[in-house]
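Here's the structure, in structure tokens; my notes come after.
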Amino acid sequence: MKYIDAFIVSDLGLLMQIRKKFPKVDIVASVGTCIFNMSAVNFYKKLGVNNFVLPRSLSLEEIGEISKFENIKVQCIIKNDDCANIDGLCRFSHGILENEKCSACEMMGNFKFYGKNEKEKEILKNRFKDYHRFLFKKCGACFLHDFSKMKIAGVKIAGRDLELKKRMNDVMFIKGAVEKSCMKSGAEYRKK
């Protein structure tokens, strides 16, 4: 496969087949692989994966910890995506179902939180709420300054269903944000 640089994969069976047939081609663990921690990174590294797209639900601290791992590439999704689910744990049909009202996005108010005790349940509930506040109020460009201090290989702009003009505007916006991300102060960067 001399013209393919990498496969972006979320299905474990497919990943194994690609690794057998194309041992030298890079495999990128899609956001659907649920890379939430170092254990997941270690699991996929044993399968020959060294490039990971991280879920949007991770905090900056969690992203920073994973990005410190030796010999891996980390990518983060920013801009345009306001999915209410946690990457990799949502429904996988993406429009296959006739009645879109049955999607996981429509079930937001029906979640129950389980923990060892009430305090743990409250922590989970608050983390979920914080994630949704983050998701619906930020495009992620504000984090480029923080990402520039970490070992982040790239950012992905979500928007496969967007019009070309919108995508082009987003690329130009992010390009400008990347150019400003080398400022010394994070607060100064976010203000710009």
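Every read-out reported here was derived from the displayed coordinates using simple, explicitly stated rules and does not represent laboratory data. Everything quoted here is computed from the prediction, not taken from an experiment. Neighbour counts are summed over all protein chains in view; Cβ atoms, including those assigned to glycine, are modelled from backbone coordinates with ideal geometry.
Could you calculate the contour length gain from Ala153 to Met38, that is, 0.36 nm times the residue separation minus the distance between their Cα atoms, to one decimal place in nm? List each step's numbers first, then the result.
Numbers: separation 115, 0.36 × 115 = 41.40 nm, distance 1.71 nm.
So the chain would gain 39.7 nm between Ala153 and Met38.
Sequence gap of 8 or more, or different chains, plus Cα separation below 19 Å: how many lysine pairs satisfy both in segment 1-79?
Qualifying lysine pairs in segment 1-79: 14.
At 7 Å along Cα-to-Cβ for each site, give me the label-to-label distance between Leu164 and Met183 in nm.
3.4
Between Glu118 and Ile4, take the C-beta separation as r, use R0 = 41 Å, and let me know the FRET efficiency to the nearest 0.05. Don't jump to the answer; show the numbers that get you there.
Numbers: r = 51 Å, r/R0 = 1.26.
E between Glu118 and Ile4, to the nearest 0.05, is 0.20.
List the pairs from Lys121/Lys149; Lys151/Lys192; Lys156/Lys192 whose alpha-carbon separation is above 25 Å, in the order I gave them.
Numbers: Lys121/Lys149 33 Å; Lys151/Lys192 23 Å; Lys156/Lys192 21 Å.
In this structure, Lys121/Lys149 lie more than 25 Å apart at Cα.
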